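The values are calculated or read from the model by the stated rules, or taken from the named source; none is laboratory data. Treat the numbers as computed from the prediction; the structure is a model and nothing was measured. Cβ placement follows ideal geometry from the backbone for every residue including glycine, while neighbour counts extend to all protein chains displayed. In case anyone asks, the SASA skips ligands and DNA or RNA and just uses the protein heavy atoms, side chains included. Shrake-Rupley method; radii C 1.70, N 1.55, O 1.52, S 1.80 Å.
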There are 2 protein chains.
Amino acid sequence: MSMETAPVGRPRDPEVDRRIAQAALDVFAEAGWSGFAMETVARRAGVGKASLYLRWSSKEAMLADALTLRIGRVADVDTGTLPGDLTELAAQVLRAYAGDTGRAALRLTLEAATIPSLAGHYDAMRTAEIGAARAIVRRGIARSELPAGTSVTLLLNTLIGGAMMRALTSPADKRPMTARDIIRHARQLVDFLLNAVTTSALQ
Amino acid sequence: MSMETAPVGRPRDPEVDRRIAQAALDVFAEAGWSGFAMETVARRAGVGKASLYLRWSSKEAMLADALTLRIGRVADVDTGTLPGDLTELAAQVLRAYAGDTGRAALRLTLEAATIPSLAGHYDAMRTAEIGAARAIVRRGIARSELPAGTSVTLLLNTLIGGAMMRALTSPADKRPMTARDIIRHARQLVDFLLNAVTTSALQ
């Protein structure tokens, strides 16, 4: 364990960091990478351009930090049961795509492949999702809740794709999903998909 | 029924129309609506800007025509069985999202909600998808292949979302899906999802 070094100059204000991160995601969501500029983010966050350059040497680094801070990565949570684990995973995906960070997450999904500077962040997100899904499926098989040979890819693609479609087909002017809506929809999605994997062994 | 009126001036060349449509989709896929301009499309298609203005009065109209010509809408095909109908639907979705029109289709999905001029086209696409899915589910229930009360929305979101994720997670440098890959993946996706809906009545 190492002590954190004190920042040079004035201590950074976490509220300003959060405001800059949200502004960066909003600009990216609306204009994409082709319209992403430090100046636009500074104006939107209500801070000087110099504040941004003190914190980040490039717009790539700033966007990567904003994505990490506000969207984060899917984490594997071991709830003890397969439906519990999958519902947790679905809820995390819905939070990322349906919340006030949703359009930025969708943008990243679409643009990462063609923008080298974002590809690393997207790959890390995707790797975390696959890792979580693999661990959930492995535990499910070990507890005999799932047939061996369950396709991690199909389960993950339909679960994440289903959550993305739910987020995409909500009109922008509709009220955002509440925490309760998210849990309810995660349960519906998982109930629907679980029938797929748990019964395929019977056919 | 009405006779088509002959075009004024030289007859239009269908090959030029196709080249312009592909150029329009390529520019939209790469730069999004914020980077979409008649001039860029003309340069890419290797035609004069005047040719475009002779055909379309606005870039909105040009892009809408290109999307209709090259991506089209999902059509309901009655194959006589539920797995057959759903495989056909999944294959149509995979063709739209995984082919050389795929990035433009994904862009439309992402940007339509915030761009009024594209919203109509996206709504029409989505309405066609929902209509096809409803008709397939209705026939499936009538033939007792599906339990009454099957969720059209969950089936459609997981099927289309699953196909989108398959398209999104293919690296750009990988060879495109062949017609055979598309049918094979459509079958896998449908086998996986059909277990979900056909067995939920047993639980």
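Among the candidates B:87, B:40, B:68, B:79, which residue alone is assigned to a helix (DSSP H, G or I) and surrounded by fewer than 16 Cβ atoms within 10 Å (Cβ to Cβ)?
Step by step, each of B:87, B:40, B:68, B:79 is checked, and only B:68 is assigned to a helix (DSSP H, G or I) and surrounded by fewer than 16 Cβ atoms within 10 Å (Cβ to Cβ).
When you scan segment B:94-123, how many residues do you find that are within 14 Å of chain A (Cβ to nearest Cβ) and basic (Lys, Arg)?
Total satisfying the criteria: 2.
Take the conditions surrounded by 16 or more Cβ atoms within 10 Å (Cβ to Cβ) and in a helix (DSSP H, G or I) and apply them to residue B:124. Does it pass?
no
Could you grab me the full set of residues in segment A:20-46 that are at pLDDT 95 or above and within 14 Å of chain B (Cβ to nearest Cβ)?
A:40
For segment B:135-148, which residues satisfy the criterion of being surrounded by fewer than 16 Cβ atoms within 10 Å (Cβ to Cβ) and under 17 Å from residue A:192 (Cβ atoms)?
B:141, B:147, B:148
Quick check on segment A:147-163: of everything there that is within 14 Å of the chain's Cα centre (by Cα) and among the small types (Gly, Ala, Ser), which residue is farthest from the other protein chains (Cβ to nearest Cβ)?
My answer is A:163.
Would you be able to say whether some residue in segment B:107-122 is without any contact (Cβ under 8 Å) to a residue 60 or more places away in the chain, within 26 Å of residue B:168 (Cβ to Cβ), outside the structural domain of residue B:156 (by TED's automatic domain parsing) and of a type outside the set (Val, Ile, Thr)?
Within segment B:107-122, none of the residues are without any contact (Cβ under 8 Å) to a residue 60 or more places away in the chain, within 26 Å of residue B:168 (Cβ to Cβ), outside the structural domain of residue B:156 (by TED's automatic domain parsing) and of a type outside the set (Val, Ile, Thr).
Residues of segment A:60-94 being over 13 Å from the mean Cα position of the chain (by Cα) and of a type in the set (Gly, Ala, Ser), which ones?
Hits for segment A:60-94 are A:61, A:80, A:84.
So which residues in segment B:124-146 are basic (Lys, Arg) and either under 14 Å from the mean Cα position of the chain (by Cα) or within 11 Å of chain A (Cβ to nearest Cβ) (or both), if there are any at all?
B:126, the sole residue that qualifies.
Count, please, the residues in segment A:97-118 that happen to be assigned to a helix (DSSP H, G or I), of a type in the set (A, V, I, L, M) and either modelled with pLDDT under 85 or farther than 17 Å from residue B:109 by Cα (or both).
Number of matching residues: 6.
Do we find a residue being under 20 Å from the mean Cα position of the chain (by Cα) and not assigned by TED's automatic domain parsing to the domain that holds residue A:128 anywhere in segment A:43-56?
No, there is no match, as no residue in segment A:43-56 is under 20 Å from the mean Cα position of the chain (by Cα) and not assigned by TED's automatic domain parsing to the domain that holds residue A:128.
Please state which one of B:51, B:58, B:34 is open to solvent by 30 Å² or more (accessible area, probe 1.4 Å) and closer than 29 Å to residue A:105 by Cβ.
B:34
Would you check if there is a residue in segment B:165-185 being outside any helix (DSSP H, G or I), open to solvent by less than 80 Å² (accessible area, probe 1.4 Å) and more than 11 Å from every other protein chain (Cβ to nearest Cβ)?
For segment B:165-185, residues outside any helix (DSSP H, G or I), open to solvent by less than 80 Å² (accessible area, probe 1.4 Å) and more than 11 Å from every other protein chain (Cβ to nearest Cβ): present.
Test residue B:177 against the criterion of being farther than 13 Å from residue B:82 by Cβ, at pLDDT below 90, in contact with a His (Cβ under 9 Å, 6 or more places away or on another chain) and aliphatic (A, V, I, L, M), and give yes or no.
Yes: the conditions hold for residue B:177.
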